[in-house]
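These notes concern the structure reproduced below.
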Amino acid sequence: MDAFSRMIVDAVDKVKNAVVKIDVYKKVNGKFKAAGSGSGFIFSSDGLIFTNSHVVHKADRIMVGLLNENEIEATLVGEDPDTDLAILKIYSDGYSVAKLGDASDLQIGQFVIAIGNPYGYQHTVTAGVVSALGRTLRTQSGRLVDNVIQSDAALNPGNSGGPLVDV
């Protein structure tokens, strides 16, 4: 295997068990109906998960799928729609924890990897480079979020909430 591929494979191996699929449900006429899906990643040994607020906002039930195919109901700990961040909690084992990085160490042109669940395909990996740093992005509510990392790694519906990792 070439050196570039080995770097990507090694990075994915380190974080893949921390990446989760998130399915959300709304209650309609007393029954839960699928209302969307996204991604997230476990960042603490007590089962806390980062995702995007728009993935879980107003969900009546949140289910988290681990790489080992266990599906666990999650609790919404908190969310901030203005910054599009949310934290979930699961009570389970059999997962690993992703180590949070320091975005101030990133450089334009650096290789990065996105892992998520686009279109429901669990644990899809795409790679790209950091295209720009320090971007400002307007959220759906109109609020400006500063210091956004821009990457050319391919993302599709369902990738939201998944990690962007370096090699």
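Odds and ends about this structure:
- In nm, spacing of pseudo-spin labels at Thr139 and Phe4 (7 Å Cα→C-beta vector): 3.7 nm
- The share of Cα pairs per 10 Å bin across the chain, counted from zero up to the longest distance, runs 10, 38, 37, 13, 2, 0 percent.
- The length gained on full extension between Ser131 and Asp102, counted as 0.36 nm times the residue separation minus their Cα-Cα distance, comes to 8.7 nm.
- Reachable lysines from Lys27, criterion Cα separation under 22 angstrom, eight or more residues apart if same chain: Lys58, Lys89
- Only protein heavy atoms count here; on that basis, with a 1.4 Å probe, His123 has an accessible area of about 40 Å².
- Among Glu71, Glu79, the order of accessible area from largest down is Glu71, Glu79, computed with a 1.4 Å probe on protein heavy atoms.
- Farthest positive-ward along the chain dipole, Cα basis, beta-carbon charges - from Val9, Val97, Gly161: Gly161
- Note: relative contact order over segment 4-77, using C-alpha pairs below 8 Å and six or more positions apart, is 31 percent.
- Between 0 and 90°, nearest 10: helix 3-15 axis offset from the chain longest Cα axis: 30 degrees
- Across the chain, C-alpha contacts under 8 Å between residues 6 or more apart give a mean separation that, scaled by the residue count, equals a relative contact order of 25 percent.
- Counted charge near Ser160, where neighbours are those whose Cβ lies closer than 12 Å (Asp, Glu -1; Lys, Arg +1): 0
- Cα centroid separation - segment 17-82 against segment 93-164, whole Å: 18 Å
- Apolar share of the accessible surface for the chain: 50 percent from carbon plus sulfur atoms, 1.4 Å probe.
The values are calculated or read from the model by the stated rules, or taken from the named source; none is laboratory data. Computed from a predicted model, the values in this text were never measured in an experiment. Note that we place each Cβ from the backbone using ideal geometry, even for glycine, and neighbour counts take in every protein chain shown. Heavy atoms of the whole protein, side chains included, go into the accessibility calculation; ligands, DNA and RNA do not. Shrake-Rupley method; radii C 1.70, N 1.55, O 1.52, S 1.80 Å.
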